[in-house]
Every structure is written in structure tokens, then in C-alpha cells.
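*Asks:* Sharing a structure below in C-alpha cells format, with a few things to ask.
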Amino acid sequence: MASAAPSGPATGPVGALRAAALPWMGRAAAAPLQALAMAQGHLFPFAPVFLGLGIGVYFGLLSEPPLWVLWMLLAAGAVAMVAALRGADLARPLLMALALTSLGFSAAGLRSHGVAAPVLGWSRYGPVEGRIIGVDRSVSGALRLLLDQVVLPGLSPARTPRRVRVSVQGDRLDVDPVAGTRVMLTGYLGPPPGPAEPGGFDFRRMAWFQQLGAVGYTRSPVLTLEPPTPGWALALTRLRQRISAAIRSRLPGEAGGFVAAILTGDRSGVPLATTEALRRSNLSHLLAISGLHMGLLTGVVFGGLRAALALVPGLALRLPIRKIAAIGALMAAAFYLGLSGGNIATQRAFVMAATMLGAVLVDRRAISLRSVAVAALIVLAWRPEALLSAGFHLSFAATVSLVAVFRALKDRRAGRARSRKRWARRALDPVLMAALSSLVAGLATAPIAAAHFNRIADYGLLANVISVPLMGLLVMPAAVLSALGWLLGAEGAGLWLMAQGTRWILGVAHTVGGWPGAVTLVSAPPRWVLPMLGLGGLWLALWQTRARWLGLAPMVIALGGWALAERPALLIAREGGLVGVMTAQGRALSKPRGAGFVARVWLENDGDPAAQTDAAARAGFQPVPGGAEIRFAGQRWRHLHGRRGQAAFAAACADGGIIVANFDAPTPAGPCQVLDAAYLERSGAIAVDQDGNLVSVRDLSGERLWTQP
């Protein structure tokens, strides 16, 4: 939003407003516009809010807008921005808001079309050939290979996905998964799956922007076709893999896996039990290369370089050492970005760090709401889909809240007289600031993390207070020391120091995560809750006057709507392989095995810690030939599956009711309603309320680029 010096109440835009508006609008009607005029000069941090609003509107549509609409809105946004820059002070914020909203909408749409790539339209089993460009692990701990230059026999290049991801069951690798290695395997592939329930996380959309056209698994060995070819295309990826392997060989066990993860982004060496302990103690953010790591790294390099240059009086007096240190820190951040693999979260962290360091180079405050707003604008303009990610929500919620709170504390301290015990306060300040930072960031991100991951780490604040400072004081400085030593072949000391800090953090994670009641599970909120909560929080943090407290109203409404929301009474999986009904004991499932991922998602969204076998044992479904049935909403619902289900279909249909099947059912010969595999393939997963009303994934997702078969 444009900046301008605020005018007094009698002159400038405020005076003009009163003269023009008060005679016919009255004071109450003119008050909002008067407040807007008074806020001139403090509105820039709202710029990414309106850009994000346009992006959000695009992703919320149920049908894909035509390309001509996107180009028209892009032109309209540009015209509105020019008009805002040349217009009157009072109209400037309104025109700028309109321009940014239009530009956000068009940017999201054009980005969606720009990343279009083939998506596999059906499930297939057979040979898969491709080049390894990434290795990681799934939530269940299975090794996953990301392949490009894919060849699928019988499929033309024009219809072959640009990238596929294959989980290796049992880690059956007869190949060293070095980036650039061309491999061949036999496995199952299918299109990226849609949400496990209506309104749930849409993996198809995320895969679309990653140009991931198929996912699957293999139980056969993965064989080498060609070794990596020389060249720069994947040289940095191979370097990252070599560094990761070297770290794990020097530091065996979970400590080595953790160090490799925070330095190179390679999490394949982190055991599943360690990952779960970090999640239960709310320390999993330390494993992901994010704003914290990038900020600590650049802070250590910036402070170290500046201190080293200051020790040389001739340099300190003649050169702008602060800017030189900023350039050095920026170079270190760029190297860290490349070394860590450059995923979206790390790219976002780099943009934020580069913005802060850029502010130093142009003699602006490095940490301010303006700097955060610039970083958000760059991220959203570059990758509009980032608005929908948990990482974007968490990182910017923490950053905005920390900057706003510490700015308020600084303003309060500036008006106070110096205390006689200043030395004591200085000694305690680092401890108090670390604790306050963890408290503020924890409070800001707790509801967001709960909405995305359905859990609250009850002792997460304690775990962060006693772990995060160690990351800044020991682990990241030791990482810089290790990197410098690596150039001289003497990285051992730095790695040893990193290992000591890492073992402390992991010990805290296992201890705190193992306490009784360490995690409270919560149900998934309705889709409108998180946007309303975010907008209320942004108003509270960004507005400058007492009117900021109005932001509490939408936040309270959002939290109240979340608390009062009811989960779907009945859920049907997209493949027809599972049905779940809500009972007094929790959701009862129709099968103890099969469709395990869907079962886990449903129970997590319910805030239910039960395993699938326990949920299937709950009172609800009764066994019948070929499946199970339940009375619900005045009707009989029968779930049939497998060959026995097909054999029992005709008799079940003759009895009436609703039949859910994981096979293509024949034309009904009785008074039954059939939701078979073909029907569910078109509709996606289905949710049913207490009155028997159905809503499908297709109803809520609409006809978008990433939903097309």
C-alpha cells in the first residue's frame, strides 16, 4: 500500500474528507474513511494481505476461469495500480487494494496454467524408467524416489508424466540412489489422489504445482540402467547427498540423521521414532530447513563477519563493515539454499532472509513489518500456491507476531527512564528474550498447527524454551565452523559440537514427547475457520491504533465455530474400500485392515487417537455376507468389498438400502441405491450428515485444472 506523510486533522485528506463527507454521511459513516486517511504511511504491511486475498479467491473457485479473464484482471490490476500511484491520497489505499487483489487472482491463475504437465489418468502396473532427482521418506518411513525423464512403455511422451514418485517397500534398492542415476523398476502407479474426505487436504493440487503426474510404489528391486552423467544439472544435488552420507558416517545414529537433515535437507537418515518424538514435543520445526535455520545461519555469519572486521581498525574506519557482513551473510544463505535442495519452504526462508539483509544494504531496519511484507509479496508473487501451505502460515504467523510484539516492547522501553540495575537486566535479557520469543511464536502458531496437523503439543513451549536457544548458541555456529573447517579438511570439531547440541535436543524431544498427555488431538476445523482466524490476527498485528483490537472479534468467531463444528456423521472413501460412521465411542470403521491411509486421516481429523483395528471393533457395523452394514439416517447402509462382496451384491440389492462397493457393480436389479467404484471415481470421497445429505469431494473441489481426470 502506498506511503504518504500523515496529515493533521484539519488539513490534507482528513480535512477534505470531513468537509465533503460529514454534511451528508455523518460522523459515524465517515469514521472508517477518516481512520484510513490517518493511517497513511502505515499501510504497506497490508499489501501482501490483499495480494493473498486475490490468490485465495482464485483457489476457492469451483470452476476454472478462462485465460482471457486472467489476462483482463492482470491488465485491470496494472491500471488500478497506476491510478493509485497518481491518484488522491484518500483514494490511493482503496485503489491499491483493488489492484493487488486483481493481480493476486491473475498471478495464481497464470501460475496454474504455467506449470501444467501431463497427469496419469488411470492406475497401471508395469515397468517404470526414470532418472533419480530426489530421495526422501514418507510419513510411514518408506524410502521414496522422485524421478524425471520418465518412460512408461505403451504411453506416448506427450501423455507421460514429467515427474513420478515411487515408494520402495522394504527399501529394496540394488542401486546407490545418487541423483542423476537412471533406474528401472516394476511397480504400481496412479494419479495423485484427491482429498480423503470433502474439504480435506488436496494432494492433487500440491502435486500439480510440483509437476508430479503420478505416485505409486514398488515391491521389486530397483535396478541401475545408467550411472550419473557428468554435468552441472544435478551436481549440487549429488554434493548434498555426499555431504549427507559423510555426516551420517561420522555421526552414526539419529544425531547424524538430524545433523544431515538440518544441513542438507536430506531426512532419509532420520528414524521414524525420532520424527514422531519431535512432533510430539513440538520440535519438528527444527528438522525442517525453514526461517529459523536460515535466520540463525545468516545471523551467525553476519555477526561473526562484522565482529571480525571490527577487530581491524583500519578496515572498520574505512569500509562499511555492516554492509560487507550483510553481503557475506547473503552469500552464505544462497549457498545454504542450494545445499539444502531448495524446496519451497527453504526458498521462502531464503527470500525472508534476503529481504532482511537487503534492508541492511539500503540502510533500512532489517527486522520490521515492512521487511516481512516485502518478503511475503515476493513469495506470493513467485509461488502463489504457497498461500495454501502450512509452512507459509506457520512461518509468517510466527514472524509477524514476533516483530509486532518486540516493536511494541521497544516503544514502551523507549519512554522509560534507565534503571539503576541495567547490568542485571542485560544479563537476563537473552534468557528472557528467548523465553518470550518461544511464547509469542508458540501462541501465534499453535492454532494454525492444530488446524493443519490435528494435534497440540501440550509441553511444546517448555521443549522449545530449552531447545531453540541451543540451536542459535551452539548448533548453527558449530555448523558454520564445520563448513569453514571442511574447506581445510578439519570439520571434525564443528561436527562434534553440533552432535552435542543435537543430542540434547533429541533427548528433550524423547523425554517431553514421552510424558503422559504430551499431545492433545483436536478435530479438523471447517474450511472457513483458518482464513478468518488469519485475517483477524493480521488486523490485530498490523493496524496501528486501538481499532486493532477489533481483530479479536473474527478470531473469537473462528475459534468458536471450530469448537462447535460437527464432524461428518458418515464418510465413504474414494475407492469404496472403507466406510466410517460416527458413534458415541468415536468413528466406527467397516474394516480393520485396508485403506489404512484413509483410515488414519479420518481418525486424525476426528481428533481420535484410535488405531484402525480399534475403530473397526467399535459398536456400529454388523458383519454380513461380503462386508458389513449399519442402520443410519433411517436407511440401511451396506459396505461390500472384494469377490465375496461381488457375489453378495444381487441379494443385498434386493433388500434395498444404500450399497457402497469397491468394485464396478452391475445394473441394480432391486430397489437399492449403489455407490460403486465407478461412481466414487467421479465423485471422490463422500461425507454424509445426520440427515442423510451427501456432499462429495467433487462438490467442494469443482472443475479445476488439477481435478481433471
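*Asks:* For segment 184-233 and segment 349-385, what is the centre-to-centre distance using only Cα atoms, to the nearest Å?
*Replies:* 33
*Asks:* Taking 45 Å as R0, compute the FRET efficiency from the Cβ-Cβ separation of residue 584 and residue 408 and round it to 0.05.
*Replies:* Between residue 584 and residue 408 the formula returns 0.45.
*Asks:* How big is the dipole moment of segment 124-229 about its Cα centre under a simple scheme where the beta carbon of each Lys and Arg is +1, that of each Asp and Glu is -1, and everything else is neutral? Debye, nearest 20, please.
*Replies:* Dipole size: approximately 260 debye.
*Asks:* Based solely on C-alpha atoms, express the radius of gyration and the Dmax of the chain in angstrom.
*Replies:* Expressed in Å, the Cα Rg and Dmax of the chain come to 28.1, 95.
*Asks:* Would you mind pulling out the separation of the Cα centroids of segment 148-180 and segment 625-653, in Å?
*Replies:* 39
*Asks:* List the chymotrypsin sites (Phe, Trp or Tyr not before Pro) within segment 70-169 that DSSP assigns to loop and that have no more than 12 neighbouring Cβ atoms inside 10 Å.
*Replies:* 122
*Asks:* Could you check the spin-label model distance between residue 308 and residue 644? Points 7 Å from the Cα along Cα→Cβ, value in nm.
*Replies:* Computed distance between label sites residue 308 and residue 644 equals 7.1 nm.
*Asks:* On to the next question. Could you give the dipole magnitude of the chain about its Cα centre, charging the beta-carbon of Lys and Arg +1 and that of Asp and Glu -1, in debye to the nearest 20?
*Replies:* Computed about the Cα centre, the dipole is about 2440 debye.
*Asks:* Cα centroids of segment 260-294 and segment 552-608: how far apart, whole angstrom?
*Replies:* 28
*Asks:* For helix 291-310, report the angle its Cα long axis makes with the longest principal axis of the Cα atoms of the chain; keep it between 0 and 90° and round to the nearest 10°.
*Replies:* Roughly 30 degrees, rounded to the nearest 10.
*Asks:* Something else now. Output the peptides 274-286, 371-383 sorted from most to least packed, where packing is the average of other Cβ atoms within 10 Å over each peptide's residues.
*Replies:* Ranking, from highest mean packing down: 274-286, 371-383.
*Asks:* Relative to the longest principal Cα axis of the chain, at what angle does helix 254-264 sit, 0 to 90 degrees, rounded to 10?
*Replies:* It is inclined by approximately 60 degrees.
*Asks:* Related question: Can you give the angle from 0 to 90° between the axis of helix 390-414 and the longest principal axis of the chain, with both taken from C-alpha atoms, to the nearest 10?
*Replies:* Computed tilt is about 30 degrees.
*Asks:* Would you kindly give the portion of the calculated P(r) for segment 242-519 that falls above 29 Å, as a percent of all Cα pairs?
*Replies:* The answer is 35 percent, as a whole percent.
*Asks:* Give me, ordered by chain and number, the residues 5 or more places off residue 675 or on other chains with an amide H under 5 Å from its own placed amide H.
*Replies:* Amide H to amide H, under 5 Å and 5 or more residues apart or across chains, residue 675 pairs with 659, 660, 661.
*Asks:* Run through the DSSP bridge list for segment 570-707 and note the antiparallel percent, rounded to the nearest 5.
*Replies:* Percentage antiparallel, nearest 5: 75.
*Asks:* Turning to a different aspect of this structure: Just need the relative contact order of segment 297-413 here, percent rounded to a whole number, with Cα pairs under 8 Å and 6+ apart.
*Replies:* 19
*Asks:* Assign unit charges at the C-beta atoms only (+1 for Lys and Arg, -1 for Asp and Glu), then state the dipole size of segment 500-631 relative to its Cα centre in Debye, rounded to the nearest 20.
*Replies:* 220
*Asks:* Quick one: which of 78-85, 358-365, 261-268 comes out on top by average Cβ neighbours within 10 Å, and what's the full order, highest first?
*Replies:* Top to bottom by mean Cβ count within 10 Å: 261-268, 78-85, 358-365.
*Asks:* Dividing the alpha-carbon radius of gyration of segment 469-609 by 2.2 N^0.38 Å (N being the number of residues), what value is obtained?
*Replies:* Relative to the rule-of-thumb radius for its length, segment 469-609 sits at 1.63.
*Asks:* Still on this model: With unit charges on the beta carbon (Lys/Arg positive, Asp/Glu negative), name the residue among 374, 130, 626 whose Cα is farthest towards the positive pole of the charge dipole of the chain.
*Replies:* 374
*Asks:* Could you run the Debye sum over the Cα atoms of segment 161-288, one equal point scatterer each and no solvent, and tell me log10 of I(q)/I(0) at q = 0.21 Å⁻¹, two decimals?
*Replies:* -1.37
*Asks:* For the chain, give me the percentage of DSSP beta bridges that are antiparallel, rounded to the nearest 5 percent.
*Replies:* 75
*Asks:* List, largest first, the extents of the alpha carbons of segment 570-707 along their principal axes, each in whole Å.
*Replies:* Principal-axis extents of segment 570-707 (Cα, largest first): 40, 40, 29 Å.
Taken together, the values in this text are just the output of simple stated rules run on the coordinates, not laboratory data. None of these values were measured; they are calculated from a predicted model. When we count neighbours, we look across all protein chains shown, and the Cβ atoms used for this are built from the backbone with ideal geometry, even at glycine.
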